[in-house]
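The values are calculated or read from the model by the stated rules, or taken from the named source; none is laboratory data. Note that the coordinates shown come from a computational prediction; the quantities given were computed from them, not determined experimentally. Reconstructed Cβ throughout: ideal geometry from the backbone, glycine too, with neighbour counts over all protein chains shown.
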Ligand SMILES: [Zn+2]
Ligand SMILES: [Zn+2]
């Protein structure tokens, strides 16, 4: 049996072609993919490659689909059920996996990185993933299109789980991509009263302004965001800063605008070969500022993300600016790379 799949071949080269449909063995679940959204990480893999992706490989991990086949011995699911996929698959044995923190497993293997991903008609959930309960059912009132953004939303929830955002907190976000927008909406959901959104791309800011509201949109290319925010906050700085942009300068500015007792999230990673930054450590010391890292997410945040979408508190469709067929995947990457889209979802 054949299926259609997009193979990442080398930087800036992805090809849609026929491939063997995966066989569903004992303990595995085969999904028929309906939608797979393109993640910022997919764009980075497309442009520069990824150390965990060995081409030719099917990437894509923001998946919504239906159960197509169930391997022998798998209980608790039915063919035809609508589902999404938790990305991080752990070894299942280490101290982190034993706590359910598969995202921190040193031998972690993720769907769409190590395992073939969702830019294909079918996707196989490996036995380990089935045992770790990494398939999540979608309730009737959530469309599969909406379900395709559960993964990025779950990552934002994971990042914010460290930040204790409360009513009337002021929140600054670096990065006006879909992740920055999700952070913005989640922060407002928690009662943030003042919000600042910073990006160096006028194109992205234009998009952000069109679909979302923040108190101030700041173009970091034209004005100094740290000076601006300090003047808006009467030199108090903000309660929470989230850096959802892969830039050293954004991380450094984030630490400058952090107020007393502020919580700072380095949500996005920096390029692997250039990730050392300098900052005034005493400023953190005297002002009791906390800095948190965040990487991927786990099932618990998927469930939270799903509930926020199901209840209408987060409007999934507001993030989706483009839907394209799988064949036009490179066009999708092109739109994202130029900042001309928020979420691009491929209809498989
Ligand atoms: Zn993602
Ligand atoms: Zn592990």
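A few comments on the model shown:
- Number of positions in the stretch 314-329 that are in a helix (DSSP H, G or I) and touching a strand residue (DSSP E or B) at 6+ places or on another chain (Cβ under 6 Å): 4
- Cβ pairs under 8 Å, 6+ apart, first in the stretch 303-326 and not assigned by TED's automatic domain parsing to the domain that holds residue 135, second part of a helix (DSSP H, G or I) and surrounded by 19 or more Cβ atoms within 10 Å (Cβ to Cβ): none
- Residues that are within 13 Å of residue 136 (Cα to Cα) and more than 23 Å from the chain's Cα centre (by Cα) within the stretch 81-113 comprise just one, 81.
- Looking only at residues of the stretch 318-348 that are more than 24 Å from residue 49 (Cβ to Cβ) and crowded, with 22+ Cβ neighbours inside 10 Å, we find that the one that is modelled with the highest pLDDT is 319.
- Answer residue from the stretch 38-88, given it is within 16 Å of ligand 2 (Cβ to nearest atom) and assigned to a loop (DSSP other than H, G, I, E, B) and is surrounded by the fewest Cβ atoms within 10 Å (Cβ to Cβ) among those: 52
- Checklist (1) away from ligand 1 (no atom under 16 Å from the Cβ); (2) assigned to a strand (DSSP E or B) applied to residue 35, failing item: (1)
- The stretch 97-114, residues that are buried (at least 16 other Cβ atoms within 10 Å of the Cβ), away from ligand 1 (no atom under 16 Å from the Cβ) and more than 16 Å from residue 131 (Cβ to Cβ): 104
- Test: residue in the stretch 226-244 that is touching a residue at least 12 places away in the same chain (Cβ under 8 Å), touching a helix residue (DSSP H, G or I) at 6+ places or on another chain (Cβ under 8 Å), exposed (fewer than 14 other Cβ atoms within 10 Å of the Cβ) and under 25 Å from residue 339 (Cα atoms): no
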